[in-house]
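J.: A single structure is presented below for examination.
The values are calculated or read from the model by the stated rules, or taken from the named source; none is laboratory data. Predicted model only: the values in this text are computed from it and were never measured. Cβ placement follows ideal geometry from the backbone for every residue including glycine, while neighbour counts extend to all protein chains displayed.
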């Protein structure tokens, strides 16, 4: 943490943030950190206390995090689209103080809650006198899990300075990828351009206005951007790198993105809240194959499943048993193919559809359907079936109205030419709503 602050001091005149059209230098960041340190003392927030921060990105929010980290507090970011209810969150990790920022990200209210929980992991990090960071899993199979990180360990990954870049922190602030992105931008003395409304139009407008160089995003957002045609209305030529992660990228979407941004490098990222974000390098052939690993990470594949060992791993779940084995390896639950040093992510084991004993990867079927005309987006998932176990369902968003009967004939005919019979959707429905959630990730249900 101290290394980052020293780096900011060496570049006090450089541009750190553009937030709602207002510029902040690294000198402004240091000033805000000092002001927040005074505010925390005035409020009588004590070292090691757990502070829930309801917020989105802003210079003030980032500087509050640094000030809390200097006091070895446990920081619990919470966005307005959090995967966990606030009451459940407090039951899991406790809450000494609750700080909520307004929509501008500048003004805030602080409230003393004084609710503590008895947890061995929290006791351990208090004894260590290190700052903590609590994030929550999506909870797709039950109650979200509270993931405790040592904030010093998270920040240590960025002690080596990289070339500065102008980027939008796209993933939310209570997502590990979001924390990783903002630390990556600012530790390199780059510029973070914050966009509260992550709609396609607002993101594209910000890219054009501020000449954004890096967009870290999701495949669902890129698919939506293609469908909207926004890339035709805005100048996106400043983008020299687009990174995508959190879900499987359809090859059809990646191919189309290469065509509209031929000078941009597209890189697949890979990470999990439990182990951190690995260094990744996409293969130069425009495919979905990538190398992953880097300093502090080891990988192996067991029965087609990717396992990771990380020196940046979480301290543990606050409300669930550890999922690391005795040697420190974590089962990602991601099915992969291997080609030499390269991996190709096929999908989560939990997303696999079992049709009469045959495995169907939703992403494979989605990729085929996305190649068809008049298809805006598609989500493929399994539905219980008495004889087969499951059947394949395709939920489709259309660019323009089309009768369901005609759509079914087109989809099944096209899939028959590209997929084995058991992979062809047995049920096809037209969706009137978006197929992705507020975190720009596809919802398969």
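J.: Of everything in region 379-400, what is in a loop (DSSP other than H, G, I, E, B) and in contact (Cβ under 8 Å) with a residue 40 or more places away in the chain? Give them in sequence order.
T.: So in region 379-400, the residues in a loop (DSSP other than H, G, I, E, B) come out as 386-388, 399-400.
Hit for region 379-400 is 399, nothing else.
J.: Pull up region 304-323, narrow it to residues that are free of Cβ contacts under 8 Å to residues at least 40 places away in the same chain and not in a loop (DSSP other than H, G, I, E, B), then point me to the one that is surrounded by the fewest Cβ atoms within 10 Å (Cβ to Cβ).
T.: By that ranking, first place goes to 309.
J.: Filter region 196-213 for residues that are closer than 27 Å to residue 379 by Cα and crowded, with 17+ Cβ neighbours inside 10 Å; which is farthest from the chain's Cα centre (by Cα)? Show your work before the answer.
T.: Initial filter on region 196-213 (closer than 27 Å to residue 379 by Cα): 196-204.
Retained after the next criterion (residues that are crowded, with 17+ Cβ neighbours inside 10 Å): 198, 200, 203-204.
Details: 198: 13, 200: 17, 203: 16, 204: 19 Å.
So the residue we want is 204.
J.: Could you tell me how many of the residues in region 1-51 are in a strand (DSSP E or B) and touching a residue at least 60 places away in the same chain (Cβ under 8 Å)? Full working, then the answer.
T.: Just the residues of region 1-51 that are in a strand (DSSP E or B), to begin with: 15-19, 22-25, 50-51.
Those still in the list that are touching a residue at least 60 places away in the same chain (Cβ under 8 Å) too: 15-19, 50.
Of the residues in region 1-51, 6 are in a strand (DSSP E or B) and touching a residue at least 60 places away in the same chain (Cβ under 8 Å).
J.: Quick one: would you say residue 244 is in contact (Cβ under 8 Å) with a residue 40 or more places away in the chain and either surrounded by 19 or more Cβ atoms within 10 Å (Cβ to Cβ) or over 30 Å from residue 70 (Cα atoms) (or both)? Walk me through it before giving the result.
T.: Numbers: in contact (Cβ under 8 Å) with a residue 40 or more places away in the chain: no; either surrounded by 19 or more Cβ atoms within 10 Å (Cβ to Cβ) or over 30 Å from residue 70 (Cα atoms) (or both): yes.
No; evaluated as a whole, the condition is false for this residue.
J.: With the requirement that a residue be in a loop (DSSP other than H, G, I, E, B) and either modelled with pLDDT of 95 or more or under 16 Å from residue 108 (Cα atoms) (or both), what does region 55-84 give you?
T.: In the first step, residues of region 55-84 are kept if they are in a loop (DSSP other than H, G, I, E, B); the result is 55-58, 71-73, 79-84.
Answer for region 55-84, where residues must be in a loop (DSSP other than H, G, I, E, B) and either modelled with pLDDT of 95 or more or under 16 Å from residue 108 (Cα atoms) (or both): 55, 56, 57, 58, 71, 72, 73, 79, 80.
J.: Within the bounds of region 154-161, is there any residue that is within 28 Å of residue 437 (Cα to Cα) and either at pLDDT 95 or above or surrounded by 18 or more Cβ atoms within 10 Å (Cβ to Cβ) (or both)? Step through it out loud before you land on a result.
T.: Taking region 154-161 first, the residues within 28 Å of residue 437 (Cα to Cα) are 154.
Next cut, either at pLDDT 95 or above or surrounded by 18 or more Cβ atoms within 10 Å (Cβ to Cβ) (or both) only: 154.
Within region 154-161, one or more residues are within 28 Å of residue 437 (Cα to Cα) and either at pLDDT 95 or above or surrounded by 18 or more Cβ atoms within 10 Å (Cβ to Cβ) (or both).
J.: So in region 170-195, with the set limited to residues that are at pLDDT 95 or above and in a loop (DSSP other than H, G, I, E, B), which one is surrounded by the fewest Cβ atoms within 10 Å (Cβ to Cβ)?
T.: The selected residue is 188.
J.: I've got another one for you. Say we look at region 118-132 and pick out the residues that are in a loop (DSSP other than H, G, I, E, B), over 25 Å from the mean Cα position of the chain (by Cα) and in contact (Cβ under 8 Å) with a residue 60 or more places away in the chain; which of these is surrounded by the fewest Cβ atoms within 10 Å (Cβ to Cβ)?
T.: Once the filter is applied, the top-ranked residue is 129.
J.: Within region 133-157, how many residues are in a helix (DSSP H, G or I) and within 21 Å of residue 40 (Cα to Cα)?
T.: Let us first name the residues in region 133-157 that are in a helix (DSSP H, G or I), namely 151-156.
Among the residues that remain, those that are also within 21 Å of residue 40 (Cα to Cα) are: 151-152.
Of the residues in region 133-157, 2 are in a helix (DSSP H, G or I) and within 21 Å of residue 40 (Cα to Cα).
J.: Can you find, within region 416-433, the residue that is farthest from the chain's Cα centre (by Cα) among those that are closer than 14 Å to residue 361 by Cβ and surrounded by 15 or more Cβ atoms within 10 Å (Cβ to Cβ)?
T.: Our first condition is that a residue be closer than 14 Å to residue 361 by Cβ; within region 416-433, this holds for 418-420, 422-425.
Imposing the further condition that a residue be surrounded by 15 or more Cβ atoms within 10 Å (Cβ to Cβ) reduces the set to 419, 422-425.
Working: 419: 31, 422: 32, 423: 29, 424: 30, 425: 29 Å.
So, considering only residues that are closer than 14 Å to residue 361 by Cβ and surrounded by 15 or more Cβ atoms within 10 Å (Cβ to Cβ), the one farthest from the chain's Cα centre (by Cα) is 422.
J.: Also, quick follow-up: Report whether or not residue 366 is exposed (fewer than 15 other Cβ atoms within 10 Å of the Cβ) and either under 28 Å from residue 281 (Cβ atoms) or in contact with a helix residue (DSSP H, G or I) (Cβ under 7 Å, 6 or more places away or on another chain) (or both). It would help to see each step written out before you state the result.
T.: Numbers: exposed (fewer than 15 other Cβ atoms within 10 Å of the Cβ): no; either under 28 Å from residue 281 (Cβ atoms) or in contact with a helix residue (DSSP H, G or I) (Cβ under 7 Å, 6 or more places away or on another chain) (or both): yes.
Criteria not met by residue 366.
Yes or no, residue by residue, for (1) more than 25 Å from the chain's Cα centre (by Cα); (2) assigned by TED's automatic domain parsing to the domain that holds residue 113; (3) buried (at least 22 other Cβ atoms within 10 Å of the Cβ):
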| position | (1), (2), (3) |
| --- | --- |
| 25 | yes, yes, no |
| 54 | no, yes, no |
| 59 | no, yes, yes |
| 63 | no, yes, yes |
| 68 | no, yes, yes |
| 77 | no, yes, yes |
| 85 | no, yes, no |
| 94 | no, yes, yes |
| 101 | no, yes, no |
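J.: Is there any pair with a first residue in region 214-234 that is closer than 16 Å to residue 167 by Cβ and a second that is at pLDDT below 90 and not in a helix (DSSP H, G or I) whose Cβ atoms are under 6 Å apart and which are 6 or more apart or on different chains, and what are they?
T.: From region 214-234, the pairs are 218/246; 218/440; 218/441; 221/440.
J.: Looking at the structure I just gave you, is residue 30 modelled with pLDDT of 95 or more, over 22 Å from residue 196 (Cβ atoms) and surrounded by 13 or more Cβ atoms within 10 Å (Cβ to Cβ)?
T.: Values: modelled with pLDDT of 95 or more: yes; over 22 Å from residue 196 (Cβ atoms): yes; surrounded by 13 or more Cβ atoms within 10 Å (Cβ to Cβ): yes.
Criteria met by residue 30.
J.: Next up: Out of (1) closer than 21 Å to residue 177 by Cβ; (2) touching a residue at least 60 places away in the same chain (Cβ under 8 Å), what's the single condition that is false for residue 365?
T.: Here residue 365 meets the rest and fails (1).
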